1. Taking A:ILE61 as the residue in question, decide whether it is surrounded by fewer than 24 Cβ atoms within 10 Å (Cβ to Cβ), among the aliphatic types (A, V, I, L, M) and touching a Ser or Thr at 6+ places or on another chain (Cβ under 8 Å).
2. Looking at the stretch A:191-207, is at least one residue in contact with a strand residue (DSSP E or B) (Cβ under 6 Å, 6 or more places away or on another chain), more than 30 Å from B:PRO47 (Cα to Cα) and of a type in the set (D, E, K, R)?
3. Please go through the stretch A:232-283 and give me each residue that is of a type in the set (S, T, N, Q) and part of a strand (DSSP E or B), ordered by number.
4. Search the stretch A:53-62 for residues being among the hydrophobic types (A, V, I, L, M, F, W, C) and under 18 Å from B:ILE53 (Cβ atoms), and hand back the single one that is nearest to the other protein chains (Cβ to nearest Cβ).
5. Looking only at the stretch B:79-108, count every residue that is assigned to a loop (DSSP other than H, G, I, E, B) and over 20 Å from B:GLY247 (Cα atoms) and tell me the total.
6. For a quick check of your reading of the model, give me the residue pairs whose first member lies in the stretch A:230-246 and is in contact (Cβ under 8 Å) with a residue 24 or more places away in the chain, whose second is in a loop (DSSP other than H, G, I, E, B), with beta-carbon atoms closer than 9 Å and at least 6 apart or on different chains.
7. So which residues in the stretch A:41-52 are more than 7 Å from every other protein chain (Cβ to nearest Cβ) and either buried (at least 23 other Cβ atoms within 10 Å of the Cβ) or without any contact (Cβ under 8 Å) to a residue 12 or more places away in the chain (or both), if there are any at all?
8. Can you name every one of the helices (runs of 4 or more DSSP H) wholly within the stretch B:135-239 that holds 1 or more residues which are on the phi > 0 side of the Ramachandran plot and in contact with an Asp or Glu (Cβ under 8 Å, 6 or more places away or on another chain)?
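Only the coordinates and a few stated rules stand behind these numbers; no lab work does. Since we're looking at a predicted model, the values are computed, not measured. Neighbour counts run over all protein chains shown; Cβ positions are idealised from the backbone, glycine included.
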Amino acid sequence: MTTFEQVIEDLGRVEPRDAMPDDYRATLIRQIAQHAHSEIIGMQPEGAWITRAPSLRRKAILLAKVQDEAGHGLYLYAAAETLGVDRADLLDALHTGRQKYSSIFNYPSLTWADVGTIGWLVDGAAIVNQVPLCRCSYGPYARAMVRICKEESFHQRQGFESLHALSHGTPEQHAMAQDALDRWWWPALMMFGPPDSASPNSERSTAWGIKRFSNDTLRQRFVDMTVPQAAVLGLRIPDDDLAWNEERGSWDFGEVDFAELAEVVAGRGPCNAERIAHKVRADAEGAWVREAADAYAASGGAR
Amino acid sequence: MPSTRCEDGPDAGTAGAAASDRIYLLGLADDALIASHRLSEWVARAPDLEEDIALANIALDLLGQARMLLGYAGELTDPVLTEDDLAYLRPADEFRNAVLVERPNGDFAVTIVRLLLLAAYQYELYAGLRTAADARLAAIAAKSVKEVAYHRDHARLWTLRLGSGTAESRRRMETALAAEWPWFCALLGDDRADRSCRHWVAEVLGTATLELPEDRVATPSGRDGVHTPDLDAILAEMREVTAAHPGATW
């Protein structure tokens with residue numbers, strides 16, 4: 001029989017019924033739940049623009065995108081459930097602040113340009129973070145990520161295209177696009193987490209084959225991917241230190257404000273309270289519906 | 001510029017027919033567009049994740065139907081208009097949607113009752129239009145009827161669950177039915193499709209052990225372009241971005 005250590009060493013897949021260390025299980029539950037929560041909280045900043053989308057085509061694209069995010073949340077909660085937890089308990093942990101979601105969704109979406117910018121930068125950063133997870137050691141998580149990454153790459157292209165229409169539109173539309181980039185650039189870089197020098201769980205996650213690349217490596221990959229795209233958009237990245245480094249074959253960039261990241265993660269970002277309050281309110285308002293569905297199912301009603 | 005039917009028409013009679021077809025198309029299109037708007041207000045606040053996905057999916061289907069129908073209606077307009085011209089620039093009193101779909105969401109029971117009634121109505125209309133002489137409308141109807149059959153079934157299942165789930169869900173369904181029924185009656189005439197629609201709804205309500213409300217016709221129906229202030233509010237929100245940037249493309 002193959003041991004857990006052997007599977008990890010062979011870069012194989014750990015499956016739900018396999019023996020695994022308790023810490024491995026707990027780490028995965030925490031990470032997958034946080035990922036699922038990010039998908040569903042992430043519906044809020046963009047979802048607010050569906051009714052105001054400036055063309056029916058953009059409206060359809062945005063509606064489909066936000067629906068995809070709900071679907072991603074569903075796959076991820078299902079992946080977490082294979083580890084022996086219950087979705088309702090994970091949601092309770094979200095509602096009471098015991099589990100977190102991506103810091104990025106604690107920033108407000110102020111204009112229509114934010115929708116395109118979120119697609120371009122936030123989904124772009126998510127792809128950089130998530131593509132390596134398709135090879136993560138835990139089978140159900142890795143398989144969920146394959147499907148999610150395909151959809152995220154659509155979202156990223158749609159965001160870019162939407163922003164391109166603005167940056168090549170009227171001067172007011174261009175200014176709106178630049179303003180959105182100015183506000184979202186640094187929070188997007190924070191999505192890769194604290195610097196390697198201050199990332200406490202990274203080493204163990206790497207040893208377990210959950211994490212394949214360090215935070216700083218992925219952040220650099222994102223910057224290198226995104227700088228040429230900003231040039232195509234004709235928008236300026238708000239970083240005076242941004243410069244091509246011939247020797248490294250990469251872009252040098254300025255210092256990320258990790259103190260701000262720590263504040264947002266600690267619950268003191270611009271929209272933390274609002275996001276959770278919205279989620280808790282929706283949950284409370286739907287309680288009678290879920291109770292009725294449960295009562296109906298228990299009474300043997302044909303579902 | 002693609003030619004319009006009016007220009008193609010051999011005589012004034014055809015131009016008149018095109019105008020009435022256009023108004024008929026706008027009724028179908030606007031029902032779908034405005035219902036989609038209301039359903040998309042549920043995004044990120046549905047009772048659970050599965051329902052969030054389902055309501056967004058229905059909203060997306062309805063938006064797709066609205067786009068096909070508005071595109072067609074726009075081509076029948078002289079000069080030709082796009083789907084976005086019709087959605088974003090048309091005055092509220094030229095909207096032909098049923099008032100039923102413009103009313104505010106309320107609770108989930110109201111949304112389910114309204115979806116049940118709308119989907120039952122659309123199902124019969126689209127089913128009949130599959131054999132319309134107008135091939136383009138027939139094709140739109142053939143695609144849409146499949147989508148609406150799913151919406152109708154989704155609403156039916158929730159009506160059963162909520163009708164006999166708990167005392168609270170039943171009370172909310174009764175309240176919602178009493179409030180929405182007159183707006184549904186306002187839409188119905190006495191042709192075969194309308195009778196069939198009524199019959200289907202009555203059967204569902206019977207199975208859900210919910211009483212069929214007494215018929216009462218609310219006014220306006222919405223079909224003649226007279227609406228409630230709720231439609232103005234929807235259009236103001238829909239046009240918030242475009243109104244601030246006249247002439248821009250997106």
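1. yes
2. Narrowing the stretch A:191-207 to residues in contact with a strand residue (DSSP E or B) (Cβ under 6 Å, 6 or more places away or on another chain): none.
Within the stretch A:191-207, not a single residue is in contact with a strand residue (DSSP E or B) (Cβ under 6 Å, 6 or more places away or on another chain), more than 30 Å from B:PRO47 (Cα to Cα) and of a type in the set (D, E, K, R).
3. Scanning the stretch A:232-283 gives A:ASN245, A:SER250.
4. A:ALA60
5. Selection size over the stretch B:79-108: 9.
6. Listed by first residue and then by second, the contacts come to A:ALA230/A:ARG236; A:ALA230/A:ILE237; A:LEU233/A:HIS168; A:GLY234/A:HIS168; A:ILE237/A:PHE253; A:ASP239/A:PHE253; A:ASP239/A:GLY254.
7. A:ILE41, A:GLY42, A:PRO45, A:GLU46
8. none
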